[in-house]
Amino acid sequence: MTGVTAANANQMYRIGIDVGGTNTDAALLDSDLRCVHKVKVHTTADVNEGIVEAVRLLLQESGVNGSDIRYAMLGTTHCTNAIVERKHLGRVGLIRIGAPATTAVPPLAGWDESLRAAIGPHSYIATGGYEYDGRRIASLDEEEIAELCRRMSGEVDAVAVCGVFAPVNREQEQRVGEIVRDVLGADMPVTYSSEIGSIGLLERENASVLNAALLQVIAGVVRGFEKALNGFGIDAQLYICQNDGTLMKSEYALRYPILTIACGPTNSIRGAAHLSGLSDALVVDIGGTTTDIGVLVQGFPRQSSAAVDIGGIRTNFRMPDILSIGLGGGTIVRLDDAGGVTVGPDSVGYELTTRARIFGGDTLTTTDVAVKLGRAAWPGTNADAVDGSVCGKVDAVIQQSLEDAIDRMKTSAEPVDVILVGGGSLLVPETLAGASRIIRPDHYDAANAIGAALGLVSGESERIYSLDDWSYDDVIRDAKESAVNEATAAGANSETVEIVSVEDIPIAYLPGNALLVKVKAAGKL
């Protein structure tokens, strides 16, 4: 596939790559963020092979030299796959700082045996913890911590430290980390829960352990990405996509791999915003297997306010508010003897070009229907292989499932703008109930890769403050400063960082005039 903008020998370019379950997309953008070229290849069992092939095609077809690539961005499913498949996870030692207050609930409560086995047996509760306002519940027993570390020696690849109300006061977590490295070695990776999740001990603990388990996975991703780029003479600054639609330096990703989970849908949302010019809309991303529906709010994906399950594990770190349904370009259509139609949720995936009827296969898919109805043109295919009498029924089922999903994601009864992206978006009819207008922008089929390349870097602060101890203005100032520092640490140019959103929520069930403050800051590369 080619873009509309010609390559320019004097330009500095950026590459965005998004690895999906079916396809790996890559896009080449110029310094004005215009799409110069885009390619789509099948996602391979070894994900890195698909990335190498995408970069090779992108450079070969565009005529751009690898030495002209300044930035390279990757959105990948590596970490999600590792958790879901229970493969390649590191062994983790967990130290919860919470005795005697939290001993009634053991660490890793609710984890299934397969994931427990992958993590290993070293999960402990040590004396310590804080109240909601940062007052100490109990002091650390440093010798106890050292003894727990000695038990883990040689049997863990990383350590997760999780303290009661650590997001309010990080002192004990930091001290435990120092002891861990004193005993287990200065190069032992340590994940601090106060840097991962928000208030809510068990969910934050789960997120921290998963993050620690993924450290080896993300290290392999970064090494593989560097190797792929170096093989084409690309000496670019590497960035990894986060699940809030922004980027982080590869060095930052090596510390916080869990932030890559679910970055695919948010890449598409950011790409849709850029391509359409809209900052508030519903985004419908239809791929080969699934449809992801998200909400664009002030140019960023709406975040979920509920706890999120990752591979069956309940966590509370930030995640995008995404609704996924089993509808894609490869979704299988079944007909029953009574003339009824069932669409999905299973898909032929990357086997579309061999199994679909328009390609000579024997499986009726949604792409067959789209081609028969004239919505999609695919040279070299045979639309006569599709029975036109069933297409209307299939189309009605697709339309109803999309309208139901859109209705679930809306926050009011008013119609909203709907941006269609993804290669499978050709399935969608011209009108949908609940949509004020349907927009399919140029390069809609590469919105995910374009979104990956866009280049905003963000940071967040989420903390409970006591207004008995702080003035409101000081609280907001402190939270903003923390968010700006996080954005800068993740790779943003400090001179370009701006506050994107500020949210303050009174916590009625806590004493002391408590206030939960959430701030997001973002800046350019």
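Every number in this text was worked out from the coordinates using simple rules, so none of it is lab data. Here the structure is a predicted model, which is why all the values come from computation and not from measurement. A quick note on method: Cβ atoms are made from the backbone with ideal geometry, for glycine too, and the neighbour counts reach across all protein chains shown.
What the Cβ-Cβ distance of Arg56 and Val105 gives, at R0 = 56 Å and to the nearest 0.05, is a FRET efficiency of 0.65. As a rough guide to protection, the peptides 222-231, 21-30, 91-100, 430-439 ranked by mean Cβ packing within 10 Å, highest first, stand as 21-30, 91-100, 222-231, 430-439. Annotation: cysteines of the chain without a disulfide-compatible partner (Cβ-Cβ under 4.7 angstrom) are Cys35, Cys79, Cys149, Cys162, Cys391.
Gyration tensor analysis over the Cα atoms of the chain returns equivalent ellipsoid semi-axes of 42, 25, 24 Å (largest first, whole Å). For Glu251 and Asn493, a Förster radius of 22 Å and the Cβ-Cβ distance give a FRET efficiency of 0.90, rounded to the nearest 0.05. Computed from label points 7 Å out along Cα-Cβ, the spacing between Ser31 and Asp468 is 5.7 nm. If one computes P(r) from the Cα atoms of the range 456-523, what percent of pairs lie at distances over 14 Å? Result for the distance tail: 54 percent. Helices in the chain, meaning DSSP H runs of at least 4 residues, each add -39500 (n - 2.57). Divided by all residues, the mean residue ellipticity at 222 nm is -9500 deg cm²/dmol.
Label zone (Leu323, point 7 Å along Cα-to-C-beta; backbone nitrogen cut-off 12 Å) within the range 414-452: 434-435.
Within straight-line reach of Lys480, meaning a Cα separation under 18 Å, sit the following lysines at least 8 residues removed in sequence or on another chain: Lys518, Lys520, Lys524.
Summary of packing: across the peptides 312-325, 383-396, the per-residue average of other C-beta atoms within 10 Å ranks them, highest first, as 312-325, 383-396. Computed over the range 90-213, relative contact order equals 30 percent, with contacts defined as Cα pairs under 8 Å that lie 6+ residues apart.
Straightening the chain between Gln174 and Asn382 buys 68.4 nm, computed as 0.36 nm per residue apart minus the Cα-Cα spacing.
Order 147-156, 238-247, 192-201, 73-82 from most to least packed using the mean count of other Cβ atoms within 10 Å.
Per-residue Cβ counts within 10 Å, averaged per peptide and sorted highest first, yield 238-247, 73-82, 192-201, 147-156.
Sorted largest first, the principal axis extents computed over the alpha-carbon atoms of the range 184-305 equal 51, 46, 27 Å.
Computed from phi, the 3J(HN,Hα) profile of the range 22-37 under the Karplus parametrisation 6.51, -1.76, 1.60 (θ = phi - 60°) reads 9, 10, 10, 9, 9, 9, 10, 10, 8, 5, 9, 6, 9, 6, 8, 7 Hz, with x in place of Gly and Pro. Taking only the Cα atoms of the range 90-213, the ratio Rg/Rh comes out at 0.93, with Rh defined as the Kirkwood radius. Taking the alpha carbon gyration tensor of the range 339-451, multiplying each eigenvalue by 5 and rooting it gives semi-axes of 26, 18, 12 Å, largest first.
How far, in degrees from 0 to 90, does helix 263-276 lean away from the longest principal axis of the Cα atoms of the chain, to the nearest 10? Orientation of helix 263-276: about 60 degrees from the principal axis.
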